[in-house]
Amino acid sequence: MSNVYVLGTGMIKFGRYPEKTVPELGGEAAVLAMKDAGLNIKDIEFFACGNLFQASMMVGQRIMQQIGQTGIPVVNVSNACATGSTAFREAYMAIASGLYDIALAVGVEQMGKQGLLGGTGGGDPAYSTEGKLGSGLMPAVFGQAGVEHMRKYGTKLEHFAKISVKSHQHATKNPFSQYRNALTLEDVLNARMICYPNTLYMCCPTGDGAAAAVLVSERKLKELAGGRKRPRVAASVLTSDPWTERDLAMPDVSTLTRSAAKKAYEQAGVEPKDLSLTELHDCFATAELIHYENLFLCGEGEAGKFIEEGGGVHPDLGGKAPVNVSGGLLSKGHPLGATGVANICEVVWHLTEDPRAKERQIPNAKVGLAHVIGLGSACTIHILTI
Amino acid sequence: MGNNSAATAHACVRATSIAPRYTDTEETFVDMAQETQTTDQGPRPIVPFLRLHPKPHLVGKKCRCGAIFVDSRAVACAKCGADGQFTETRLSNHGKVYVFSVVHQSFPGIKTPYISAIVDLPEGATVRANLVDVSPEEAEKDPNKVFGMPVEFTTSVAGKDREGHDVIVFSYRPAKA
Ligand SMILES: [Zn+2]
C-alpha cells in the first residue's frame, strides 16, 4: 500500500447554474484542482467521477470531452449522498494499490428545480404509500431520527435549532457557500415546520455544484510538491448498512457511521480529541446532532450537553471541536454528488492554510475528518493529516 | 431568502436516488398491482403484507433465525443469510409507538400535517404507518405522551384504483383500554 496525498483541490461555489451542463460544472472543478496541483490533464492516469442524477450517462467521459480526452481509465460512481466521497475513495484506492501515481476525483451534481415525483407515471397512484403508510421521504427519516434522540435522552428542539444557527453563522465566512445569511435562534424556531422537529432552516437546500481533487502517490508527491506540505489520506473507509432490528421501517443512520468511524480512527491512528475540524453530513440539523455521537465527538447521549458547551462551534466564536466551519450542508448546500468531495476540499484547505479558507481558518489545523452518509445506505469517512 | 425549496427538493432526492424502503416507486406498485390481480371485484390492500380476510391484519416473513421482515421480497435473510427459510407469520394488531415525526409538507393531494409513526409489534417486527386520532399539534407539544403509546391497528379506504376497486390502507390509533 502506497501512502496517498491530496496535491490539489478545486471547487465552484454551490448555487444554481441552470445555464450550464453537468460535464461543464464538473470540468470547471477538475481544471481548478489540476491547476492547484500544478498539473494538467495529460498528467492524470485515472479518473473517478461521482454523479447521481445522470448516473447512467457517462458523466466522467463527458467531462473528459470538456477538459481533454487522453484515453485514461474513467469510472462513474453513484452511491446516494456518498457519491462524491466514494469517487474520491476510488481514486485513493487506485493509488494506494500501486497501480497509478496520479488520479483525479470529481463530484458534480445539477439538481436545479428538477424532480418532485415527475416522471414516475405509469403505476396506479392509488397504490402509492407515501402519506398513507407514514412517510419514507428524507425529512421524515431524519425527523424520526431526531425524535428518537429526544425520546432516549430528553433532547430539545432548541438543541437542533442551535446547530442551524451555528452553521449559518459559519457560512457567512465561506464564499463557496450557497447561503451566507446569519440567522437567530428565533428565526430558526419560528420558521415553517417542514417535518417535526426540523423547521425550514434545519433542512439543507438543493442546488448545483462541483468539487474535485488530485491525489498522488508518495513517490509523485516528492517529485511534484516542490516543498509544499500536502495532506495525507490517513484513513479512507466505506461501510454499508448492517442488519438492525427496525431498519426496514426506520432507516438506521447511526450504526454504519459508528462502524466507519471506529475503523477510520484506527486506520489513521488518531482519536476524536485529535481532530482539528470535522465536516459531517448535516442534511438536517437532527442528523448533525446524532453524528456528534456517532463520530464520538462526545459520549453517547451527550450531544445536547456538547452543544450547550459550545461544541461544534468555530474557535473564533468561542467554541470547541469545530464542526462544519464551511457552513455545512445546511448553508453551503448539498448538490448530492459534489458534497463528499467538497467536504474533503474544506478539510484540505484548513490543513494547508489555503487562502480559500482564509476568513474561517482553524488555527494550526493538523487533523481533519470528512463524513458523508447516503441513505440506502452508504457511509464514507476520510481522515486527513498534515 | 430562497431556502424555500428545501423540503420539496428533499422529497425528490428520496424519490430519485434512494433505494425504496416501502412501496413508493413506480416499479414496486406495478408489481403489486399484478400480484393483487384477482377476479374478485372487492376491496384491495394497498400493500401485499396487508391481508383483508378473514379480518384485516398484517403478515411478515419469518426466518428460522427469528428475524421477521415486513414488506420484504428478500431472497435470503438480511440478518443471517439463510436462503429459502421463510415462513409467513401473522402479526399482532396491537403495538407500541416507538418514535414518530410530523409531516407538514408533502406531495399534492396528501393532507398535512399528519403523524408518521414507527410502531413496534410484539412479534419483534416494526412497521411504519400513519398515527390517527392523535393531534399532530399535541404530539409536537408533548412528544413524551406519544412515546410508548399502546396503539391498535385500523383500516380505512384510501381511494379507488383505476379499475374501481376500493384501496384499503392501515393505520394505528390509540388502543382502547
Ligand atoms: Zn435469518
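The values are calculated or read from the model by the stated rules, or taken from the named source; none is laboratory data. From a predicted model like this one, the values you see are computed outputs, not experimental measurements. Don't worry about glycine lacking a Cβ; one is built from the backbone with ideal geometry, like all the others, and counts go over all protein chains shown. Ligands, DNA and RNA are stripped out before the accessible areas are found, and what is left, the full protein with its side chains, is counted by its heavy atoms. Shrake-Rupley method; radii C 1.70, N 1.55, O 1.52, S 1.80 Å.
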- Applying the Karplus parametrisation 6.51 cos²θ - 1.76 cosθ + 1.60 with θ = phi - 60° to the phi angles of segment A:26-39, what ³J(HN,Hα) value in whole Hz is obtained for each residue in order, glycine and proline being reported as x? x, x, 4, 5, 4, 5, 4, 5, 5, 4, 4, 7, x, 10
- Other protein chain Cβ atoms within 10 Å, averaged over every residue that makes up A:187-196: 5
- Task: Rank by packing, highest mean first: peptides B:59-71, A:98-110, with packing defined as the count of other Cβ atoms within 10 Å averaged across residues.
- Result: A:98-110, B:59-71
- Note on the structure: Mean accessible area per residue over segment B:93-174 (1.4 angstrom probe, all protein chains present, square angstrom) is 43 Å²
- Task: Excluding residues fewer than 8 places away in the same chain, name every one of the lysines whose C-alpha is closer than 24 Å to that of B:Lys176.
- Result: A:Lys132, B:Lys55, B:Lys96, B:Lys141, B:Lys145
- Message: Please enumerate, by chain and number, the lysines with C-alpha under 17 Å from the C-alpha of A:Lys42, excluding those fewer than 8 residues away in the same chain.
- Response: A:Lys220
- Note on the structure: Residue-normalised 222 nm signal for the protein assembly as shown, counting each DSSP H run of n ≥ 4 as -39,500 (n - 2.57), nearest 500 deg cm²/dmol, is -8500 deg cm²/dmol
- Summing Lys, Arg as +1 and Asp, Glu as -1, what charge do residues with Cβ under 9 Å from the Cβ of A:Ala103 carry, A:Ala103 excluded? -3
- Message: For the pair A:Gln267/B:Ser156, report the inter-label distance in nm, with labels modelled 7 Å from Cα in the Cβ direction.
- Response: 4.9 nm
- Whole-Hz Karplus ³J(HN,Hα) for segment A:80-89, in order, using 6.51 cos²θ - 1.76 cosθ + 1.60 and θ = phi - 60°, x for Gly and Pro? 6, 5, 8, 4, x, 6, 6, 4, 4, 5
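With a 1.4 Å probe and all protein chains kept in place, how do A:Thr255, B:Thr87 rank by accessible area, largest first?
Numbers: A:Thr255 50, B:Thr87 85 Å².
Highest to lowest solvent-accessible surface, that is B:Thr87, A:Thr255.
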- Query: What does the charge add up to near A:Gly340, with Lys and Arg as +1, Asp and Glu as -1, over the other residues with Cβ less than 10 Å from its Cβ?
  - Reply: 0
- Query: Could you give the angle, 0 to 90 degrees to the nearest 10, between helix A:138-153's Cα long axis and the longest principal axis of the Cα atoms of chain A?
  - Reply: 60 degrees
- Could I have the simple spin-label model distance between A:Thr172 and B:Ser72, label points 7 Å from Cα toward Cβ, reported in nm to one decimal? 5.0 nm
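What is the dipole size for the protein assembly as shown, taken about its Cα centre, with +1 at each Lys and Arg Cβ and -1 at each Asp and Glu Cβ, in debye to the nearest 20? List each step's numbers first, then the result.
On the way: 56 positive and 58 negative charges, 107 e Å.
About 520 debye.
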- Relative contact order for chain A using alpha-carbon pairs under 8 Å, separation at least 6, rounded to a whole percent? 26 percent
- Message: How much length would be gained if the chain were fully extended between A:Glu218 and A:Lys305, taking 0.36 nm per residue of separation minus their Cα-Cα distance, in nm to one decimal?
- Response: 27.1 nm
- Message: Only Cα pairs within less than 10 Å get springs; with that Gaussian network setup on chain A, which residue of A:Gln178, A:Gln61, A:Gln69 has the largest fluctuation?
- Response: A:Gln69
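Take peptide A:198-208, look around each residue's Cβ out to 10 angstrom, count Cβ atoms belonging to other protein chains, and average those counts.
For this peptide, the per-residue mean of nearby foreign Cβ atoms is 5.
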- Note the angle between two axes, namely the Cα long axis of helix A:255-268 and the longest principal axis of the Cα atoms of chain A, as a number of degrees from 0 to 90, rounded to the nearest 10. 40 degrees
- Task: Compute for chains B and A the buried accessible surface, both sides summed, probe 1.4 Å, and express it in Å² to the nearest 100.
- Result: 6200 Å²
- Message: Need one value: the accessible area of A:Ser56 in square angstrom, 1.4 angstrom probe, rounded to the nearest 10.
- Response: 110 Å²
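Applying a 10 Å radius around every beta-carbon, put A:37-45, A:128-136 in order of their mean neighbour count, most first. Write out the running numbers ahead of the final one.
Details: A:37-45: 17.7, A:128-136: 25.4.
So the peptides A:37-45, A:128-136, ranked by packing, come out A:128-136, A:37-45.
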- Task: Enumerate the calculated ³J(HN,Hα) couplings along segment B:124-129 in order (Karplus 6.51 cos²θ - 1.76 cosθ + 1.60, θ = phi - 60°), each rounded to whole Hz, writing x wherever the residue is Gly or Pro.
- Result: x, 9, 10, 10, 10, 7
- Message: Below 17 Å, Cα to Cα, which lysines can A:Lys20 reach? Residues fewer than 8 away in the same chain don't count.
- Response: A:Lys113
- Highest average packing first - A:337-350, A:147-160, Cβ atoms within 10 Å: A:337-350, A:147-160
